[in-house]
Structures are given as C-alpha cells and as structure tokens.
C-alpha cells in the first residue's frame, strides 16, 4: 500500500510538473511519457495554480503543508503564496448529499427535528471537514462542522508512508538526531485528534474558558447537545478574515494594535495556560468589528508541561536580554545538548545567529532563516529535536506570518518582552512559593493526621530487630519535614492575610 501511495505522489508531481517548479526537471523525467488527460489545459496554468492543484490532489496532509507555506511570504514568491492561501478555507467541498448522509446518521432521517434551517452550500471547506451555517429550533444561529466521509482512511495511509520515510531518514547521516519517528508520531497524534470532532469541541471549550474574561480574543460556544464524533455544532461568529486588511481598515480597526494583541494572545496561551491554538493560519482567524480576535477551528492544539514552559521562558528572556550564556546553560540543564558541550563555544554560536536580529523591524527579519541557522548550530552541537515543541515552532511561524501581513514594522521582540518578564516574575520568588503551597495544601492536610497511624502500622509489620528503629526514624523525619512545610504554609497564608488587613486599614 505504501509503494502504491508513493507511486501516486510521483505521478501527481509529474502531471503538474512540480519538478520544473523546483528547478530540477530531470527528477521525474522517466514518468513524463505517460499520457495525461487535459494536459494542454494544465500547460496553461500558472506555477502557483499547478502547485495548489497538486497539493489538493495529494490529500489532507499535503493541503496542511500548503496552508503553512502560504503564511511565509518572506520565503515564497508572492504568486505562490497568494495561490496557496486559497487552501486555507477553499478546498473543494464534498457534495451536499454526502454531508446530509453524515447528518442523518447522527440526528436521524428527519433533520427538521434538529434544525429549522440549514444552508446546503458550505461556507468554508478545509482538508478534514467543511462548515455549513444553520439555525436551531430555538432560533440560535450556529455553524455546523461535518467531517469528510472516508478521510480517516486517507490520513492513515499517508501516515504509514511518512512512518516509512522516517525509518529511512534515520539511516541518513545525522538523521537519527532529528528523531523523525517521534516527530511523525507527534504529528499523527494531532491528526487523529482532528478526526474526532468531540475532541475538537472540548479543545474549543477549554480555550473559551481560558479567555472567558479576555477583551482580546473570542471563542465560539460549543452546543454539546448536538455534537458527535462526526459533527460539531457551535455558535456562529461574525467577523472579517484577518487577511482582508483593507476591509478591516475601512471598519476602523487599529491594525498595529491588532498585531500587538495577536502577539500577546499567543504568548498568553503558551506561557500562562500551556494550551495553545496550533493552527493559526489566516483561514482560522477572524476579526470582529471592534478589533477583537476571533479563533476558529480547534482540531490542532498544543500543550506544554511546566518544564517546557520554564525552559522556553528562560531561553526567550535570555534572547531578549542578549544573555546568550544563560541560553546555552538552559540547553545544558535541560539535557538537550550533550553534557560535554563547551558552554563558551555554544554561547558564541548562538550569539552569531541571534545578534543580527535585534533592533530591527519584523519586515527586515526572517525567523524562518533564523530557525534554519539555529538548526545548523544544533546539528553542530548534536542537539536532539524535541517532538513536543514541533507544534509550537510551527505556530510561531504562523504568528510571524500574520504579524508580517498586519504590520511589517512590528518588532516581535519588543512586543513580547514585557509580557514574558511579567510572567517570569510570577514564576519565581514568593509568588511561585505561594502557588506551590496552595497546590500542595490538600495533600498535606490529608497526610499529616495519618502519620501516627502509619507509624503504628509500620512497627506492627514485624520488622527485624535493628530495622524497626531505622524505619521509625525515617517516618519521624518525614513527619518533621511535613510539619515544617505545614508551618511554612500557615505562615505564608497568615502573612498574606495580615498584608490584606493592613492594606484595608491604610487605604
């Protein structure tokens, strides 16, 4: 099956002459003799149209690749970027009878018992699903997302091919360091989540809850009573695609502020919540008339552990302060470069990549090229790729692309630095201590009263002479430690209470 899929990829690339597009016409010469229907019409297409049609023909994984590339106008010619932008929400839709068949399997043959009206023409069509506007019986305007029939089989087939390629890549010199199998499995996990719209609905609910009090971002409400693995029903949002900048200007939207808000939204998701929208191409981002961002399509989200957030924050703060020594040390502490790495040499290499970036507007910087140079540095120092951060890297590139389109003069570093420094201040010192004590308090409250009983049980287990004394000493030491922690907790909470009382008396 993998060989057949590989052959199909080669045939599609040959049909649309993608070998010429990349300047290597000899690559697919052996397959060029095959007769293609409509070859004369294809010859009249632009190179951007041929690339877009080839990606559409190859399936959802390749469509997603085109979506990501469409935001990188600094890396692609304008004509290719404009044509690939059509993949964001204008993938050819599947017919209404197929969509209706999915809805009838979920709601029964009488759709009138669920919707008072549903538009048979999709408002958006993407690689995995398409969206129809509808109205519930109670009058609420909704968007109905329907999974493409048979899409799971197509994605599984392409993932099998990618796994084969990953195995082969590990035999290439330096290929194992890239951890291609882990990266593919991370990608596969997120694709599997996209195939279950209940998971997407839960992602939307979580993101909406995280930004419930925000004035910067709106997330549609999910109507759970009408959701299924193949269908998701949510609040209909009204806005303008973020890529239509002139329309936004005509509505009075402050475009530079919109760009700055987008940066703050991204870093808030990553560092405050550790839960971020990981598919932020222009087709998934709208803007309300008042300049508020609207997020759509929650099939791909990223999650970071506290360790990852701490590592990223230390690195970014090091970059912002030009403290490359700290960046190098953070890599060593995380174990991402070998322990025998010379810190001074690693620091000098990082400085050579990052120093030219500072004090320049975004329009003069390509983070794509910066990442490429960092990749070369990482290979030199045998740094391993971290699969859990692949989505974050991809999303950062999407954010850069959006920022570049909105405000080419945006300085991403200066915009993000105050937010990250504020976040770091909340993660260290007494604020972090209080948070940890509050989190551990229920555990200590449950454990401390049980310690005398645990001591008796331990002594009654019949430990051999000489061992019972050591066991008792160990348990008592643990009791003293827990007691000190409890006293510290009570002291910290008492101090906070006293500070609040003093503030109230002196205000």
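For the pair residue 425 and residue 157, label points projected 7 Å from Cα toward Cβ lie 5.7 nm apart.
Counting beta carbons within 10 Å around each of 205, 116, 243 and listing the fewest first gives the order 116, 205, 243. Ordered by the count of other Cβ atoms within 10 Å of each Cβ, fewest first, 311, 223, 16 give 223, 311, 16.
Per residue, the convex hull spanned by the alpha carbons of segment 110-229 comes to 147 Å³. With 0.36 nm allotted per residue and the present C-alpha distance subtracted, the residue 119-residue 339 stretch has 73.2 nm of extension available.
Annotation: average projected area of segment 240-427 is 10.4 square nanometres, based on the convex hull of Cα atoms across all directions. The distance between label points at residue 322 and residue 185 comes to 4.3 nm (points 7 Å beyond Cα on the Cα→Cβ vector). Could you tell me the calculated FRET efficiency between residue 165 and residue 382, based on Cβ-Cβ distance and R0 = 22 angstrom, to the nearest 0.05? Step by step, r from the Cβ atoms, then E = 0.45. Taking the empirical scaling 2.2 N^0.38 Å for compact globular proteins as reference, segment 196-344 has a Cα radius of gyration ratio of 1.28. Taking the number of Cβ atoms within 10 Å of each Cβ as an exposure proxy, the fewest-first ranking of 190, 277 is 190, 277.
Read-outs throughout are calculated quantities, based only on the coordinates presented, and are distinct from any laboratory measurement. Only a predicted model underlies this, so the values are computations on that prediction, with no experimental measurement involved. Cβ sites come from the backbone with ideal geometry, for glycine too, and all protein chains shown count toward neighbours.
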